[in-house]
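Some notes on the structure that comes next.
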Amino acid sequence: MFGNVARSRLLPMSLPFRYFGAAAAFQLGAWALLLFFPTELVNFEIGLGPVFAALHLLTLGVLAMSAIGATLQLLPVATRQPVSALWAVRLQWWLFVPGTALFAGAGAAYRPDLLGAGAMAVVLSLLLYGILLFRNLLGARGMRVVVAHGWAALACLVALAATGLALVGRYEHGWAIDHQALRAAHLVLATFGFMGLLAIGLSGFLLPMLAVAPPPPQRVAYAVLGLALAGIVMGSLGWTLPGALAGLGAALLHVGAMERSLRARLRPRLEPSFLLVRVSWACLIACLALAALGFPGGTLLFALLLVPGWLLTFLLGVLARIVPFLASVHASSSDRGTPIIAALTPARLLAAHRALHLAALALLVAAALTGQAVLAAAGAACGLASATLFSAFFVFVLCKVRHGIQPPHQPAAA
Amino acid sequence: MEFNRHISRRLHEEHVATLALWGRLESALAAGRHDAALLKSAAASLERELDRHFRFEEAELFPRLAEAGEGDIGELLREEHETIRAAGMRFIKLVSDEITNPEVKRLGLELAERLVNHVQKEEMALLPALDDFIDEETDHELDSAYAAT
């Protein structure tokens, strides 16, 4: 079925980077929507509209997009299996990007008649990705704990796509389904399930690698996976309290193990992007604690801590580190050598990005607690500015690789 | 990370020692401390690494990586060896002849980052791959040959 196997586990640069580039663009769109519709955010009620569109631009366009790009490059390293079909990766991207744009656009414009077409393109593209992931995991060797997280994430992806299609069927055709229960299951499967399990699984080998630290013990990683799966299943079935408690146990165990790993690192210096990773862990624990306590502060606060708080903040922290890392691999040549990562890391620009992103989170949390649209607008403005800086960082790295790099010992000037 | 081959474990242990030493040096240099003993220790360690560890990987492991269809990763690691070797030789000479030269700090920081990134790639891509394409007999031969160098 799938010919054109990648020559080795190192993909051409254009493949993972097209996903990261699309994610940077979709992030701009998500924050821009929130900036123009802050009142809709603080008064959010379930249904189509700009907040629905912003949420899906973040979840599909930024989080899933980056997760797919990152796993296509990182999983082959972990599983020691090359990607089985490069054409399928390209096709996946070409379905996923317009599908996501159409789906979010239809949601923002209250056009349920167009929602189905976007959803079908997204589901088809996720099916392609699911097949690639399935084949990679099937032949996996090594890093069994990462592979186990991959299988669990794949199972969640299948259930996520099914619940998503059912929800679209309700919007477009008025199917008689328990909308509230299905929507809650869809949220749990997307955030804690597919993206959360990939994030936790890859953290076990990626973060220690970046920090030059020993990985967490395997038995702890399996315990985290078991608890997380129990929480996801219970949460999807509507058993919120036991699901949240199991998820909270998994989160505390995971963060504790990762912190112990980071403390044992061999390189004293820890990259500044780890600040975002740590904030994301705090948001994960906080949102699960809120769920266990019955959502004091409202579901908007929970959703803000979950999506931009945990998942987006974690992703941005990791991308700030792996984009220059992967670029340095591809920029290497026999005549000009390998550039150091510092030459591809605009430190001041990324520092400003971190500050703005954290300010955006704080203001959005304040908006959720007070119901003040002006705070939501200020938060979205900070978010848009941070997303602009992140896009500038991405373009900076591409330009450095394309047009040559300063002498390797010189740090980036931006 | 756990490795199944003796040669992988041996190289991993050397990586850990390199990272610990160069991590200390990076911290000292970044803090503006001129620790002559630490600089000399890092230079001596690097000299051994360039002569023994790098040469062994280039002669014995990268060709095997290419045979296993991972030639581009082997080529990348070889290019990094060349860059590290060039900077490393200059660092070793400066530490030996002009340890107070300001260039020592710049080269030390550059080498610390290069060595960390290089070890990260070898730990992610080279050592796990050895588990796949080296059998027990070859592992024993390689491990003995390396121990004898």
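The values are calculated or read from the model by the stated rules, or taken from the named source; none is laboratory data. Here the structure is a predicted model, which is why all the values come from computation and not from measurement. Glycine also receives a Cβ, built like all others from the backbone with ideal geometry; neighbour counts cover every protein chain displayed. The accessibility values were calculated without ligands, DNA or RNA, using every heavy atom of the protein model including side chains. Shrake-Rupley method; radii C 1.70, N 1.55, O 1.52, S 1.80 Å.
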Q) Taking the stated definitions as given, is A:VAL122 crowded, with 20+ Cβ neighbours inside 10 Å and within 28 Å of B:LEU127 (Cα to Cα)? A) no
**Q.** Unique match (being at pLDDT below 95, within 14 Å of chain A (Cβ to nearest Cβ), open to solvent by less than 30 Å² (accessible area, probe 1.4 Å) and in contact with a Phe, Trp or Tyr (Cβ under 7 Å, 6 or more places away or on another chain)) among B:ALA129, B:ALA112, B:ALA125
**A.** B:ALA112
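Matching residues to (1) of a type in the set (S, T, N, Q); (2) closer than 20 Å to A:GLY235 by Cα; (3) part of a helix (DSSP H, G or I); (4) out of contact with any Asp or Glu (no Cβ under 9 Å at 6 or more places or on another chain):
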| site | (1), (2), (3), (4) |
| --- | --- |
| A:LEU157 | no, yes, yes, yes |
| A:LEU160 | no, yes, yes, yes |
| A:ALA166 | no, yes, yes, yes |
| A:GLY169 | no, no, yes, yes |
| A:ILE177 | no, yes, no, yes |
| A:LEU182 | no, yes, yes, yes |
| A:VAL188 | no, yes, yes, yes |
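Which one of A:VAL212, A:VAL233 is more than 30 Å from A:ASP178 (Cβ to Cβ) and free of Cβ contacts under 8 Å to residues at least 60 places away in the same chain? Don't jump to the end; show me each part of the working.
Working: A:VAL233 fails: more than 30 Å from A:ASP178 (Cβ to Cβ).
Matching residue, one of A:VAL212, A:VAL233: A:VAL212.
Residue-wise test of (1) without any contact (Cβ under 8 Å) to a residue 24 or more places away in the chain; (2) within 14 Å of another protein chain (Cβ to nearest Cβ); (3) open to solvent by 40 Å² or more (accessible area, probe 1.4 Å); (4) in contact with a Gly (Cβ under 6 Å, 6 or more places away or on another chain).
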| site | (1), (2), (3), (4) |
| --- | --- |
| A:LEU245 | no, no, yes, no |
| A:ARG267 | no, yes, no, yes |
| A:PHE274 | no, no, no, no |
| A:LEU311 | no, no, no, no |
| A:ALA331 | no, yes, no, no |
| A:LEU344 | no, yes, no, no |
Q) Restricted to the range A:213-272, and to residues that are in a helix (DSSP H, G or I) and of a type in the set (D, E, K, R), which residue is nearest to A:THR191 (Cα to Cα)? A) A:GLU259
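Does B:ASP51 satisfy the criteria of being open to solvent by 50 Å² or more (accessible area, probe 1.4 Å), without any contact (Cβ under 8 Å) to a residue 60 or more places away in the chain and under 13 Å from the mean Cα position of the chain (by Cα)? Before you say what the answer is, go through the steps one by one.
Numbers: open to solvent by 50 Å² or more (accessible area, probe 1.4 Å): yes; without any contact (Cβ under 8 Å) to a residue 60 or more places away in the chain: yes; under 13 Å from the mean Cα position of the chain (by Cα): yes.
In short, yes.
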Q) Are there any pairs, at least 6 apart or on different chains, whose C-beta atoms fall under 6 Å, with the first in the range A:101-124 and outside any helix (DSSP H, G or I) and the second open to solvent by 30 Å² or more (accessible area, probe 1.4 Å) and not β-branched (Val, Ile, Thr), and if so, which? A) A:TYR110/A:LEU48
**Q.** Leading residue by the ranking (farthest from the chain's Cα centre (by Cα)) among those in the range B:65-83 that are facing chain A (nearest Cβ under 7 Å) and not in a helix (DSSP H, G or I)
**A.** B:GLY69
Q.
Going residue by residue through the range B:91-100, is there one that turns out to be facing chain A (nearest Cβ under 8 Å), part of a helix (DSSP H, G or I) and touching a residue at least 12 places away in the same chain (Cβ under 8 Å)?
A. no
